[in-house]
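The values are calculated or read from the model by the stated rules, or taken from the named source; none is laboratory data. Computed from a predicted structure; not experimentally measured. Counting neighbours? That spans all protein chains shown, and the Cβs are built from the backbone with ideal geometry, glycine included. Each accessible area value is taken on the protein alone, full model and side chains, heavy atoms only, with ligands, DNA and RNA left out. Shrake-Rupley method; radii C 1.70, N 1.55, O 1.52, S 1.80 Å.
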Amino acid sequence: MSANQIKTVLITGGAGFIGSNFIHMLAEIRPDWNVVNLDALTYAGNLENLTEVEKNPGYTFVHGDICKPEDVKRALDAAGDPDQVGVVHMAAESHVDRSIAGGLPFVTTNVLGTQVLLDACRAAGITRFVHVSTDEVYGSLGDEGFFREDTPLAPNSPYSASKTGSDLLVRAAFHTHGFPACITRCSNNYGPYQFPEKLLPLIIGNAQEDKPLPIYGDGLYVRDWLYVRDHTEAILKVLEEGDAGEVYNIGGNNELPNLELVKAVLSELGKPESLITFVKDRPGHDRRYAIDANKIRMELGWEPRYTFADALPLTIRWYQSNGEWMDRLRSGEYREYYKLQYDG
Ligand code: NAD
Ligand code: DAU
């Protein structure tokens, strides 16, 4: 497949954090492409993330569930000529803590939904499929080493196990049917539009209101943080230039223990470290993630463009100037979730 065949991108989960950032990026750097966004609008899906692009002539929203073949068909019909359609699959249940509270929705959307989508896309004959996966499928690292594409899969949470299941189904579709799919595995993202159950927006929101910042365990768990715009550009690279059947790790070489990240946020906001509150650890908490992204750098020429020093203040400023967006998300269901997760 050559990249210039793609005229339409069908995105699943485009109303979520990374999906909406991906659509914003396409509007900016591929303005002539059509975009079909298939999203079920779960608690994590928010059409408000897309108000700036929803009136673009080439944009279509399809409200639907990837587990339902008829919904996927509607989206594929809206996308049109399959020879010109690339699919970017981001729809998922994505929060580890929720998967610990109950794994079933994760298996349903992440595993079953992925198979429904694969079957429909294969039957339609779409030209390219990118499955957006996660570094969590590799499990946890000790103090040394990095996740490479050939690191054995060893997921530890119901979330990461369900993502691993979906990766293997994508792999099988390529191996058995020659389905033109790539898999990406990225580290922790940060940036605008992230649902405030995740660490960074959660602590920015709480710190702004001088509320306690809940830190699991000893706070020395390490994550490899990448600005979301860099991730979306990497996904686009894989969509346009990746080799079918290949896995590409994505990361920015930016490892930080959680405590350091939280202190950086507090310092940027001018808030006291006394807000840090150690709480009960996440069961089965992976100690360290770190990505070796040499393959995508060497083979596709992708490089992250944002440093943490630049993108953290950008991110914080975005949340400061979008207080109403945050308030709306933190009302309703989120309040119940927060109470259950942090108060008992
Ligand atoms: P998110 O939770 O913010 O968004 C998920 C989106 O999927 C929402 O819009 C939701 O409505 C939609 N969705 C959920 N179930 C659906 C269903 N059955 N049918 C249709 N739509 C459905 O997630 P995110 O953080 O943007 O992550 C997007 C993808 O990237 C996920 O596959 C995740 O595993 C992966 N990923 C995330 C990160 C990260 O740091 N956030 C890092 C690496 C990989
Ligand atoms: O690595 C990629 C993954 O990153 C994605 O696949 C997931 O979809 C995404 O949610 C993220 O998973 P994490 O579990 O790493 O992200 P989270 O923001 O939930 O937590 C980041 C770290 O902060 C982790 O070590 C747990 C810790 N944490 C989190 C929360 C919500 C706390 O200490 N306190 C908290 O309240």
Item to complete: Whenever you get a sec, compute what percent of the accessible area on the chain sits on carbon and sulfur atoms (1.4 Å probe).
Response: 51 percent
Discussion item. Compute, for the chain, the length of the dipole vector about the Cα centre, with Cβ point charges of +1 (Lys, Arg) and -1 (Asp, Glu) only. Units Debye, rounded to 20.
Written reply: 300 debye
Item to complete: Any chance you could look up the accessible area of Thr307 with a 1.4 Å probe, heavy atoms only, rounded to 10 Å²?
Response: 70 Å²
Item to complete: Give the angle, between 0 and 90 degrees and rounded to the nearest 10, that separates the Cα long axis of helix 228-241 from the longest principal axis of the Cα atoms of the chain.
Response: 20 degrees
Response to the item:
In degrees, nearest 10, the alpha-carbon axis of helix 114-124 is tilted away from the dominant principal axis of the alpha carbons of the chain by 20 degrees
Practice prompt. Any chance you could give the angle, 0 to 90 degrees and rounded to 10, that helix 158-177 forms with the longest Cα principal axis of the chain?
Written response: 20 degrees
Worksheet item: Ignoring ligands and nucleic acids, what accessible area does Val35 show with a 1.4 Å probe (Å², nearest 10)?
Response: 10 Å²
Fill in: Debye intensity ratio I(q)/I(0), log10, segment 213-344, q values 0.10 Å⁻¹ (C-alpha model)
-0.45
Worksheet item: Of Tyr306, Tyr248, which has the most accessible area and how do the rest follow, probe 1.4 Å?
Response: Tyr306, Tyr248
Worksheet, complete the sentence: Taking the chain and counting helices only, DSSP H stretches of n ≥ 4 at -39,500 (n - 2.57) each over all residues, the nearest-500 ellipticity at 222 nm comes to -12000 deg cm²/dmol
Response to the item:
In segment 176-250, taking the dipole from +1 charges on Lys and Arg beta carbons and -1 charges on Asp and Glu beta carbons about the Cα centre, the listed residue (Ala234, Ile183, Ala207) farthest towards the positive end is Ala207
Fill in: Average projection area in nm² (convex hull over Cα atoms of the chain, one quarter of hull surface)
15.8 nm²
Worksheet item: Which residues in segment 154-194 have a backbone N closer than 17 Å to a point placed 7 Å from the Cα of Asn322 along the Cα-to-Cβ line?
Response: 189-194
Practice prompt. Please work out the Cα center distance from segment 101-135 to segment 1-46, rounded to the nearest Å.
Written response: 16 Å
Practice prompt. With θ set to phi - 60°, apply the Karplus curve 6.51 cos²θ - 1.76 cosθ + 1.60 along segment 211-225 and write out the HN-Hα couplings as whole Hz, x wherever there is a Gly or Pro.
Written response: 8, x, 9, x, 10, 6, x, 8, x, 9, 5, 10, 10, 10, 8
Fill in: Accessible area expressed per residue, the chain, with surrounding protein chains retained (probe 1.4 Å, Å²)
42 Å²
Discussion item. Rounded to the nearest 20 debye, what is the charge dipole size of segment 211-271 about its Cα centre when +1 sits on each Lys and Arg Cβ and -1 on each Asp and Glu Cβ?
Written reply: 540 debye
Item to complete: Give me the percent of DSSP beta bridges within the chain that run antiparallel, rounded to the nearest 5.
Response: 10 percent
Response to the item:
Rounded to the nearest 10 Å², the 1.4 Å probe accessible area of Glu48 is 60 Å²
Item to complete: Let me know the longest stretch in the chain that avoids all trypsin sites (Lys or Arg not before Pro) found in a DSSP loop with at most 11 other C-beta atoms within 10 Å.
Response: 56-279
